[in-house]
Ligand code: SF4
Ligand code: SF4
C-alpha cells in the first residue's frame, strides 16, 4: 500500500511535521522510507488489518472465508518489525528532510519545571474513546490516511474496502487516484501508559517544535470529536413540557460534537 504524506508544494518544515506525525502511528502500520513521486511525498506501508470476511472455523485454529467459502488454518496476525520512535532519554526517531532521523529533542533550558510538573494534561484523564471502544488518548490512537489507489483498480480497491471495521473504516474515494479512510493505530510517541505525548514541550536542534504542529490543531468547527472528549460541551438539558420561554433550556448547539471520528 502507498500512503500520501503531503504535497511538495508545502514547505519542508511542514512536510517534516506531517511525516513525523504519520510515520509515528506504528501500532498497526509498518512504514518504509518516505519518497517523492511527482509533486507528492509518499511512503510505502503495510496496514495490519484483517479481512472482514475472515471468520473462525468449526474447530480450534481453523478459519473460513465468509465471502468465497474457503477453509483452512487461521493465519497468524501480521505485525511487521518493531519501529521504535522513542529511544530513551532525549533521543527520538523523527522525520527530518524527508528521512527518518535519530535526533536529540530537548526541553528548552529556561523551562519552568515547577509549573510543568504541576500541570495536568487534561487528555490524560479523559474518558474519550476510539471506535473500538478503547479508552484514553483517542486523538493519538486513530488517524486519517490517504491511500494511493486509482479509480477502477479491481484488485486494490476491493482489498481496501473489505478490511475489518472499525480498524479501517469510513472509506471514501476523494480523488481519481486516492482513497481516504480512518484507521486505528496508536502513535509511537505516546508514553508507556499511553496517556501523554513524549514530544510535548521538546524542540528540534534547529529550534522547531518536536511535536507535529497538526497535533495542536482543533478539528474545524469542533466536528469529528471523539465520544467522551473532555473538551466537548456538556449535553444540553431538554426543556420541560410547558415551560415558559424564560425557563426553557437553550437550543442544543453543534450536536455533531459527540460524533465518533
Ligand atoms: S500528540 Fe504526540 S502522541 Fe499524539 S499523535 Fe501527536 S505526536 Fe503522536
Ligand atoms: S478526544 Fe479530547 S480528551 Fe481525548 S485526546 Fe482528544 S482532545 Fe484529548
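Look at residue 95 and say whether it is closer than 22 Å to residue 205 by Cβ and in contact with a helix residue (DSSP H, G or I) (Cβ under 7 Å, 6 or more places away or on another chain). So that I can check it myself, show each step before the final result.
Details: closer than 22 Å to residue 205 by Cβ: yes; in contact with a helix residue (DSSP H, G or I) (Cβ under 7 Å, 6 or more places away or on another chain): yes.
Spelling it out, residue 95 is indeed closer than 22 Å to residue 205 by Cβ and in contact with a helix residue (DSSP H, G or I) (Cβ under 7 Å, 6 or more places away or on another chain).
Check 184, 179 and return the single one that is touching a strand residue (DSSP E or B) at 6+ places or on another chain (Cβ under 8 Å), modelled with pLDDT of 95 or more and within 14 Å of ligand 2 (Cβ to nearest atom).
Every option except 184 fails the conditions.
All but one of (1) surrounded by 13 or more Cβ atoms within 10 Å (Cβ to Cβ); (2) more than 19 Å from the chain's Cα centre (by Cα) hold for residue 176; which doesn't?
(1)
Under the condition of being in contact with a strand residue (DSSP E or B) (Cβ under 9 Å, 6 or more places away or on another chain) and assigned to a loop (DSSP other than H, G, I, E, B), which residue from region 37-56 is nearest to residue 177 (Cα to Cα)?
Filtering region 37-56 for residues that are in contact with a strand residue (DSSP E or B) (Cβ under 9 Å, 6 or more places away or on another chain) and assigned to a loop (DSSP other than H, G, I, E, B), the one nearest to residue 177 (Cα to Cα) comes out as 39.
Quick check on this structure: which one of 59, 26, 20, 78 is within 17 Å of the chain's Cα centre (by Cα) and assigned to a loop (DSSP other than H, G, I, E, B)?
Matching residue, one of 59, 26, 20, 78: 26.
Mind telling me which of the residues 87, 54, 22, 41 ends up being over 27 Å from residue 191 (Cα atoms) and either touching a helix residue (DSSP H, G or I) at 6+ places or on another chain (Cβ under 6 Å) or within 16 Å of ligand 1 (Cβ to nearest atom) (or both)?
Of the residues listed, the single one that is over 27 Å from residue 191 (Cα atoms) and either touching a helix residue (DSSP H, G or I) at 6+ places or on another chain (Cβ under 6 Å) or within 16 Å of ligand 1 (Cβ to nearest atom) (or both) is 41.
The values are calculated or read from the model by the stated rules, or taken from the named source; none is laboratory data. Predicted model, so just to flag it, every value in this text is computed and none were measured. Note: ideal-geometry Cβ built from the backbone for every residue, glycine included; neighbour counts use all protein chains shown.
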